[in-house]
Each structure stands twice: as C-alpha cells, then as structure tokens.
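The values are calculated or read from the model by the stated rules, or taken from the named source; none is laboratory data. For clarity, every value in this text was computed on a predicted model and none was experimentally measured. We place every Cβ from the backbone using ideal geometry, glycine too, and count neighbours over all the protein chains shown. Each accessible area value is taken on the protein alone, full model and side chains, heavy atoms only, with ligands, DNA and RNA left out. Shrake-Rupley method; radii C 1.70, N 1.55, O 1.52, S 1.80 Å.
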Amino acid sequence: MPGVSLTINDKKVRVPAGTTILEAARELNITIPTLCHDKRLSPFGACRLCVVEVRGRKNLPAACVTPVEEDMTVLTESPAVVEARRTIIELLLANHPLDCLTCEKSGNCRLQDYAYRYGVKRTPFEGTRDQLPLDDNNPFIIRDPNKCILCGKCVRACQEIRGQAVLGFAFRGPATRVVPPLDVSLGESDCVFCQNCVAVCPTGALRDKYLAGKGRWWEFQPEAVTCPFCANGCHFYLLRKEGKVVAVAAGGAAPGRPMCLRGRLALTLIFCEEPPQPQIKTEKGFAAVSWTEALGLEELAGKLWPK
Ligand code: SF4
Ligand code: SF4
Ligand code: SF4
Ligand code: FES
C-alpha cells in the first residue's frame, strides 16, 4: 500500500499520507486523549491534551493536527507526555467548579475521565473560579459557562453541522467565553435547540435540560435509534432507566444530520413513558402547546378531524 510507515509505542503501522498521528494511533487501537478534537468537525488543535512525543523533536506536537511522516517514532504515554497532560488538566481544573458529586454530566464527562486517568486529584494553580450565571431560561438546554473549557466543539458543531452560528468565542485572555451573539441567553438567540452542541460538549457546560434529575449516566441503558421522520436519518438515544424510557437524547452530531427539535420531540412523544408538555418559542417567550402544534401537524390534523 502506498503511504507512510511509522512506529507508535513500538508498533508499526502504514497509513495514507496526510493521516494525522491521532488517526494512525487509532488504527492501532491506541487511545490518545482528546478534548477539542472531533472527527466530524474541522480541526482546531486548541486543548493540547493530545500531545505526543516524537523522537528527534524538541516540542510535543498535538496528535490531532500533526500529519504522520515516514519513519516517525511516536510515544503516546512517555513521562514527558504524561506530565504535560497532567499540567493541562490541572490548568483546566483551576477554573472549573469541582462539583462532580452532583454534576449531571458525571459519568459521561471527558474532563472527569481524564483527571481520573492521569490521577489529577487537585490543582496547584490559582484560577479565578468565576461564578457566572446559568443560562437556563429556555425549556431545552442548560448552559453553564463555569464548566466550559473553551474546546470550541459547540461553536464548530453549531456552524458546521447546523449552519446556525449561534455560539462563538467572545472577550479576551482569561475572560474568554463561548456565548451567543451579544452575550444574550440561548433563549433570546437564534438557537433552534437541536442540541448538536450538547451532543459534542465534553463537559457539563451544555446539558439537556429535560435530563436534569432523571438519573445518573451509569443508571441509563442507552439504545441508539434513527429518526424515521425525514431522509436525514439523525441519530438519537433512548435512555432507559429501570426498563422505562425516561428521555430521548441527541446522538452523534454529524454533517447532514441536523437533529431537529421536531424529530426529538416526536421520538419523545412516541417512546417516553411520561413525555413532558411540549413548549415552543413565541414572540412573547416560550409557551406550552399541544403535541399537534409542537410537531407542526395542525394542517394534517385539520384534514383528518375537521372541526
Ligand atoms: S463537568 Fe465534569 S469535571 Fe466538571 S463538575 Fe461536571 S462531571 Fe465534574
Ligand atoms: S442547540 Fe443547535 S442551534 Fe442552538 S446553539 Fe446548539 S447547535 Fe446551535
Ligand atoms: S460549551 Fe462545551 S463544547 Fe462548547 S466550548 Fe465549552 S466545553 Fe467546549
Ligand atoms: S484534541 Fe488535539 S489539541 Fe485538542
């Protein structure tokens, strides 16, 4: 096979030219931790958690944006790499609320997973630990800026998958945050509540509001389902707890799969044991409506059951 040969952790692999070190490692089932990378989104290279050691190089390149080279020798868990990753996690935790005990994302959080993997129990760094207000004046998403690690996945998912560009980076330096335009709430923005951003967020910074209080992640048995209501075939998860479907969660965000709110609501109505009263956005804010109205079926209902 034409391509590039390299060695990763003493294992040889041959991959097409242009492959990144991260992708080559995955060919060998070697897991390199990532926070800002998502193969469905454009490369970003910001979090640096995926750094690796390349023999002969002084710096530690980010595996997700560094292409392989012929005869490269890569170490993914060398002492220098592990030390760098521990420092990155400690820096992230310096500005992160340590409330994993009650955080809805606990058990499904990459930051928590990597802190565990690298044995980071506390941070030596003094962060500002701002107490920013929650953005939850909408029925669908809780945005907790205190738990945002600025990985930018939501920004790219909203723009590249949904084409909405609701979320973006704002302010500078330590004050940098991910916010809707003019720092308004999601409810006041052009957000369509598709939850593509929720599906890619690695921490508890963006959460499905309907899941709040429904259970811990390890209590759910997720079942992947494909939405049958249009040709996009978006992916969702039915979250079962004690045999009952308690929620429908946004599944894998992917180009061409917008995961529209209407599809999620329809699946919620069909599968959830106790579906919530649906709400839609009106000029005066969010309002409770019938399922017929929420699913946009008034015209069809009018034909089937004329008044
Ligand atoms: S977002 Fe993750 S690391 Fe942060 S409190 Fe929640 S579970 Fe813990
Ligand atoms: S819910 Fe959808 S439209 Fe709203 S911010 Fe997230 S990705 Fe963008
Ligand atoms: S809200 Fe989540 S996905 Fe968006 S930048 Fe923050 S941590 Fe990343
Ligand atoms: S995952 Fe590579 S820089 Fe973030």
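Using the per-residue mean of other Cβ atoms lying within 10 Å as a proxy for protection, in what order, highest first, do the peptides 160-171, 281-292, 209-220 fall? Spell out each step's value before the answer.
Details: 160-171: 16.3, 281-292: 11.9, 209-220: 14.3.
Ranking the peptides 160-171, 281-292, 209-220 by packing returns 160-171, 209-220, 281-292.
Nearest 5 is fine: what % of DSSP beta bridges in segment 4-77 come out antiparallel, could you say?
Working: 9 of 12 bridges.
Within segment 4-77, antiparallel bridges account for around 75 percent of the total.
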(request) Place the peptides 195-203, 81-89 in order of packing, highest mean first, counting for every residue the other Cβ atoms within 10 Å and averaging per peptide. (result) 195-203, 81-89
(request) Whenever you get a sec, compute what percent of the accessible area on the chain sits on carbon and sulfur atoms (1.4 Å probe). (result) 54
(request) Answer rounded, prolate or oblate for segment 29-89, using the Cα gyration tensor with square roots of eigenvalues a ≥ b ≥ c: rounded when a/c is under 1.5, else prolate when a/b is larger than b/c, else oblate. (result) oblate
(message) If amide hydrogens are placed 1.01 Å from N in the peptide plane, which non-local residues have theirs closer than 5 Å to the one on Cys47?
(response) Cys36
(message) As an exercise, identify the chymotrypsin sites (Phe, Trp or Tyr not before Pro) in segment 92-161 lying in DSSP coil whose Cβ has no more than 14 other Cβ atoms within 10 Å.
(response) Phe125
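Solvent-accessible area per residue for segment 4-77 at a 1.4 Å probe radius, Å²?
Working: 3700 Å² over 74 residues.
On a per-residue basis, 50 Å².
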(request) With a 10 Å radius around each residue's Cβ, average the other Cβ atoms per peptide and rank 243-249, 57-63, highest first. (result) 243-249, 57-63
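If each DSSP helix of 4+ residues adds -39,500 (n - 2.57) and the sum is divided by the residues in the chain, what number results at 222 nm, nearest 500 deg cm²/dmol? It would help to have the intermediate numbers written out before the result.
Working: 8 runs with 61 residues, N = 307.
Calculated from helices alone, the mean residue ellipticity at 222 nm is -5000 deg cm²/dmol.
Kindly identify the chain as rounded, prolate or oblate by the Cα gyration tensor criterion: order the square roots of the eigenvalues as a ≥ b ≥ c, call it rounded if a/c is under 1.5, otherwise compare a/b with b/c, prolate if a/b is larger, else oblate. Numbers along the way, then the final one.
Details: a/c = 2.13, a/b = 1.66, b/c = 1.28.
Here the chain falls in the prolate category.
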